[in-house]
Each structure stands twice: as C-alpha cells, then as structure tokens.
Amino acid sequence: AVFLATGRIYYQLSPLSGIAAETSIMLLNLLLPVVALRWAGQKRGVLIELGWHWPGARVIWIGIGAAAAMFALGIASQRLIANPVGLPHRTLTLFEAALAMAMMLVLNPAAEETMFRGYLQTGFSRMCGPALGIGISGLLFGVRHLPMDIYGALATNATGAAWGSRMIQMYGAAAALGLARHWGGSNWASWIAHEGLMVLVVALSLLPRLAAR
C-alpha cells in the first residue's frame, strides 16, 4: 500500500512513517487471527485457542532456554560466517527511538507470536503434525521478514556470507520459537523467548545510537 501510494517501500520513508507502517503490520498480525477464528465460528476462548493460556512456571524456563539458544546461534553465525544483513544506519530523534522501542518491545513479540505460533503453527500442527506445523509456520515467519532482508542486503551491498548468516539466524530463531511454543504448550513460552530477543536487538541497535547523541 505504501509503495502504491508513494512509489517507495516503507523502509525508504521517514523514520516516523516507517514505524507507522511497521506498526500497522503488527496490528494486522495481532487482530487477523482473532477475526479469522470469530469468522470460523469460535465464540468463546479465542485467546486460549490462540495459545494465550498459562500452563505453569515451566514456560518461563522453556522461554529463557529458547532465548539463550537464539543468542548463541546469533553469536556463532556472526563470528564463524559474517555479520548478518541489516538495515542501513539511520539517525533517530529521542521521540522516534522511543516509538521504535515501544513497537519492538511491546507490540512486535505479542503480535508475531499470536499470528505465527498461536494461529498458524497451531492450525498446521493439527492438520499435518507438530513437525510440519513448526516448519510451515517458521517458513512463513521468514517470508514475513524477507522484504526487509532484501532491502537491507541491497542498501548495504551485503555479501553472500552476510545473507547466509542472516538466514541462519532467522530460521534458527523461527525453529527455536516454534519449539518453545510446542514444548511449552503455550504462546507464553515463545513470547518470553521472542521478548528476550527483542530486548537484545534494541540494546545492540537503538541504545548505542542514543548514547552517541
């Protein structure tokens, strides 16, 4: 929609416009599964059907373990292969950085876990079994990030090694989040892992920019 209206993909817009576009995608990830279940006749317990129930404290440890696995994989791929593809550096105002952090730390994990683990993984697992459920939802999770990765690779003249490192990190994270959801029996396990990953991303990307101001 942004491209049709402006002739540019939203990563090329001003930071505020880009954050607004990304926020709209997160809201769709959050709301579409609820609408789909309502449309299919689910009248009660939609959030529970989407995996938002608390089965016990074990989800905390599963989530922490998945977050640690993603962190270790990220460090390994960066050191052994190359720095992964990323978006080009942009200077943000304090207001823009605050909005970006709110979107990444609050909206992003809840929305993506609702869509990809709560809705898609649950549905595909029932139809095809847990392994294919994790695999298909993980593949779609990677496709959701693919436009950003392609733009980042083109904008930064990324090497094949950088692209490979990014793919390892992306699909490794998708597998870890899917397994956390499966083993924990709840989105809270994958949410904890996802939230930990977003905290790391913010700490490594946005905070240094603010410190340099």
| Quick check: anything in segment 137-155 within 20 Å of Pro84 (Cβ to Cβ), β-branched (Val, Ile, Thr), in contact (Cβ under 8 Å) with a residue 24 or more places away in the chain and open to solvent by 60 Å² or more (accessible area, probe 1.4 Å)? | no
| said: Among (1) hydrophobic (A, V, I, L, M, F, W, C); (2) at pLDDT 95 or above; (3) surrounded by 19 or more Cβ atoms within 10 Å (Cβ to Cβ), there is one condition Met104 misses while meeting the rest; what is its number? | reply: (2)
| field | Residues satisfying the stated conditions in segment 2-53, i.e. surrounded by 12 or more Cβ atoms within 10 Å (Cβ to Cβ) and of a type in the set (Phe, Trp, Tyr) | value | Tyr10, Tyr11, Trp52
| query | Restricting segment 154-213 to residues that are touching a helix residue (DSSP H, G or I) at 6+ places or on another chain (Cβ under 9 Å), more than 25 Å from Gly65 (Cα to Cα) and part of a helix (DSSP H, G or I), which is modelled with the lowest pLDDT? | reply | Leu210
| Checklist (1) under 24 Å from Asn29 (Cα atoms); (2) touching a helix residue (DSSP H, G or I) at 6+ places or on another chain (Cβ under 6 Å); (3) open to solvent by 30 Å² or more (accessible area, probe 1.4 Å) applied to Gly63, failing item | (3)
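Just give me the residues in segment 31-59 being part of a helix (DSSP H, G or I) and either over 21 Å from the mean Cα position of the chain (by Cα) or over 19 Å from Asn108 (Cα atoms) (or both), in sequence order. Show your work before the answer.
So in segment 31-59, the residues part of a helix (DSSP H, G or I) come out as 31-39, 46-49, 58-59.
Those that are part of a helix (DSSP H, G or I) and either over 21 Å from the mean Cα position of the chain (by Cα) or over 19 Å from Asn108 (Cα atoms) (or both): Ala36, Leu37, Arg38, Trp39, Val46, Ile48, Glu49, Arg58, Val59.
Answer yes if at least one residue in segment 54-66 is out of contact with any strand residue (DSSP E or B) (no Cβ under 8 Å at 6 or more places or on another chain), under 30 Å from Thr156 (Cβ atoms) and modelled with pLDDT of 95 or more, and no otherwise. Don't jump to the end; show me each part of the working.
Within segment 54-66, the first condition is being out of contact with any strand residue (DSSP E or B) (no Cβ under 8 Å at 6 or more places or on another chain), and the residues that meet it are 54-66.
Of the ones still in play, those that are also under 30 Å from Thr156 (Cβ atoms) are 66.
Filter once more, keeping what is modelled with pLDDT of 95 or more: 66.
Looking for residues that are out of contact with any strand residue (DSSP E or B) (no Cβ under 8 Å at 6 or more places or on another chain), under 30 Å from Thr156 (Cβ atoms) and modelled with pLDDT of 95 or more, one finds at least one in segment 54-66, hence yes.
Can you tell me which residue among Arg90, Arg79 is farther than 21 Å from Tyr171 by Cα, open to solvent by 80 Å² or more (accessible area, probe 1.4 Å) and either in contact (Cβ under 8 Å) with a residue 60 or more places away in the chain or of a type in the set (D, E, K, R) (or both)? If you could, list the steps in order and put the result at the bottom.
Details: Arg79 fails: farther than 21 Å from Tyr171 by Cα.
The conditions single out Arg90.
Might you let me know whether segment 115-129 holds any residue that is open to solvent by 50 Å² or more (accessible area, probe 1.4 Å), within 17 Å of the chain's Cα centre (by Cα) and either free of Cβ contacts under 8 Å to residues at least 60 places away in the same chain or on the phi > 0 side of the Ramachandran plot (or both)? Break it down stepwise before answering.
So in segment 115-129, the residues open to solvent by 50 Å² or more (accessible area, probe 1.4 Å) come out as 119, 124, 126-128.
If we keep only those that are within 17 Å of the chain's Cα centre (by Cα) too, we end up with 119.
Restricting the remaining residues to those that are either free of Cβ contacts under 8 Å to residues at least 60 places away in the same chain or on the phi > 0 side of the Ramachandran plot (or both) gives none.
No: zero hits.
The values are calculated or read from the model by the stated rules, or taken from the named source; none is laboratory data. Predicted, not measured: the structure shown is a model, and the values here were computed from it. Cβ atoms come from the backbone with ideal geometry, glycine included; neighbour counts cover every protein chain shown. Protein only, heavy atoms only, side chains kept; ligands, DNA and RNA dropped before computing areas. Shrake-Rupley method; radii C 1.70, N 1.55, O 1.52, S 1.80 Å.
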